[in-house]
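Enquirer: Have a look at this one before I ask anything.
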Amino acid sequence: MLLRCGKFHFTFGRPLVMGIVNVTPDSFFDGGAHGTTAAAIAHALKLVEDGADILDVGGESTRPGAAMVSEREELERVIPVLRGLRDVPVPVSIDTWKPAVMQAAMAEGASMINDVNALQAEGALAVAAAGTVAVCLMHKQGMPATMQQQPQYDNVVGEVTDYLHQRVAAAERAGIARERIVIDPGFGFGKTLEHNLALLRGLPELARIGVPVLAGMSRKSMLGQITGRGVDERQSASVAAALLAVQRGAGIVRVHDVRETVDALKVWLAVNRETKPSP
Ligand code: PT1
């Protein structure tokens with residue numbers, strides 16, 4: 001499997017770790033625009049040191065119930081951070097569903113668009129197609145503000161797989177080569193715990209679409225429901241979930257705790273690597 005990502009490419013000889021870089025004033029206690037930018041850049045550089053293969057920069061929270069952010073506010077948050085990360089040795093992804101933010105991020109050197117809306121916004125497919133960036137197409141049911149109210153599926157794995165098949169086809173028709181596309185079942189995006197667990201069990205079916213699968217469960221409420229722990233106490237559960245996703249065919253895991261996840265995946269890889277022929 002090959003993933004083209006701007007000037008970078010990946011061949012998936014091992015699973016990849018995408019490190020989360022939130023650029024939301026409330027995620028840094030010092031407040032203020034400059035403090036937020038500097039803290040986000042410093043955090044991103046630390047994640048690279050910790051072994052992140054990709055950095056995912058986001059200026060609008062899409063967690064359940066989070067408030068939307070205007071295009072102008074989102075640009076003011078993420079553009080200075082992308083500018084500060086221009087020369088990092090790993091691809092930088094922009095987590096946005098807004099075409100104007102995608103466009104500006106690409107101009108600042110972003111190598112990937114991570115869109116929880118799977119490029120369904122007016123003009124998004126065209127903006128992505130005009131570049132060489134990779135795209136992550138994610139499934140969600142409903143809108144972040146209300147998506148956890150009544151999630152409903154007859155067959156969650158089948159429906160998510162069909163949807164992602166359709167979005168991959170739409171992206172290809174728009175001129176985005178298959179080698180630039182990643183898919184994501186969207187854990188926690190309009191899903192109950194049982195839906196999320198069914199999707200984790202069903203990752204091999206998603207992987208049969210034939211493009212790399214990204215899994216993001218880090219610190220999510222599904223792990224709180226399983227362990228009874230608060231959001232700041234879900235590190236072990238998050239590492240376990242990342243490992244289980246990789247075991248079921250995820251090629252990329254999106255995580256907060258890069259160092260711990262990289263170590264866990266090294267153990268997984270040591271066990272799963274083909275044994276060298278003995279002399
Ligand atoms: C994700 C993802 C994302 N998640 C991709 N991008 C978030 N590709 C942001 C909860 O239940 O899984 N894949 N960008 C964060 N969204 C959530 C959703 C955070 C649910 C928390 C929860 O706690």
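Just so it is clear, none of the values below were taken in a lab; they were calculated from the coordinates. In this text, all values refer to a predicted model and were calculated from it rather than measured experimentally. Cβ atoms come from the backbone with ideal geometry, glycine included; neighbour counts cover every protein chain shown.
Enquirer: When only Cα pairs under 8 Å and 6 or more residues apart are kept, what is the percent relative contact order across the chain?
Expert: Dividing the mean separation by the residue count of the chain yields 19 percent.
Enquirer: In bins 10 Å wide, starting from 0, what share of all Cα pairs of the stretch 54-110 does each bin hold, as a percent?
Expert: 25, 56, 18, 1
Enquirer: Apply the a/c threshold of 1.5 to the C-alpha gyration tensor of the stretch 114-248 and tell me whether it is rounded, prolate or oblate.
Expert: Taking the square roots of the gyration eigenvalues as a ≥ b ≥ c, the stretch 114-248 is prolate.
Enquirer: Once the other residues with Cβ under 15 Å from the Cβ of Ala121 are scored (Lys, Arg +1; Asp, Glu -1), what is the net sum?
Expert: Taking every Cβ under 15 Å from that of Ala121, the sum is -3.
Enquirer: Taking springs between alpha-carbon atoms closer than 10 angstrom, which of Arg14, Arg72, Arg83 fluctuates most in the Gaussian network model of the chain?
Expert: Between Arg14, Arg72, Arg83, it is Arg72 that shows the largest mean-square fluctuation.
Enquirer: So which lysines can Lys46 reach, going by Cα to Cα under 21 Å and dropping same-chain residues fewer than 8 places off?
Expert: Lys46 reaches Lys266.
Enquirer: In the neighborhood of Thr11, defined by Cβ-to-Cβ distances under 13 Å, what is the net charge if each Lys or Arg adds +1 and each Asp or Glu adds -1?
Expert: 0
Enquirer: Let me ask something else. Among Asp53, Asp263, Asp232, what is the fewest-to-most ranking by other Cβ atoms within 10 Å?
Expert: Asp232, Asp263, Asp53
Enquirer: About the Cα centre of the chain, what is the dipole size in debye to 20, counting +1 per Lys and Arg Cβ and -1 per Asp and Glu Cβ, all else neutral? Before the final figure, lay out the partial values.
Expert: Values: 28 positive and 30 negative charges, 136 e Å.
Dipole size: approximately 660 debye.
Enquirer: Then there's this: Please report the antiparallel percentage of the DSSP beta bridges confined to the chain, to the nearest 5.
Expert: Roughly 10 percent of the beta bridges in the chain run antiparallel, per DSSP.
Enquirer: While we're looking at this one, here's another question. By the gyration tensor of its Cα atoms, with a ≥ b ≥ c the square roots of the eigenvalues, what is the shape of the stretch 1-116: rounded for a/c under 1.5, prolate for a/b over b/c, or oblate?
Expert: It is prolate, given that a/c is not under 1.5 and a/b is the larger ratio.
Enquirer: Then there is this: If you look at just the Cα atoms of the chain, how large are its Rg and its Dmax in Å?
Expert: Computed over the Cα atoms of the chain, radius of gyration and Dmax are 17.8, 63 Å.
Enquirer: Still on this structure: Which value in nm describes the separation of the simple spin-label points at Arg259 and Ala67, placed 7 Å from the Cα toward the beta carbon?
Expert: 3.4 nm
Enquirer: Between Gln149 and Lys266, what FRET efficiency follows from the Cβ-Cβ distance if R0 is 51 Å, with the result rounded to 0.05?
Expert: 0.80
Enquirer: Cα to Cα, under 26 Å, and not fewer than 8 places away if on the same chain: which lysines meet these conditions relative to Lys191?
Expert: Those lysines meeting the cut-off are Lys98, Lys140, Lys220.
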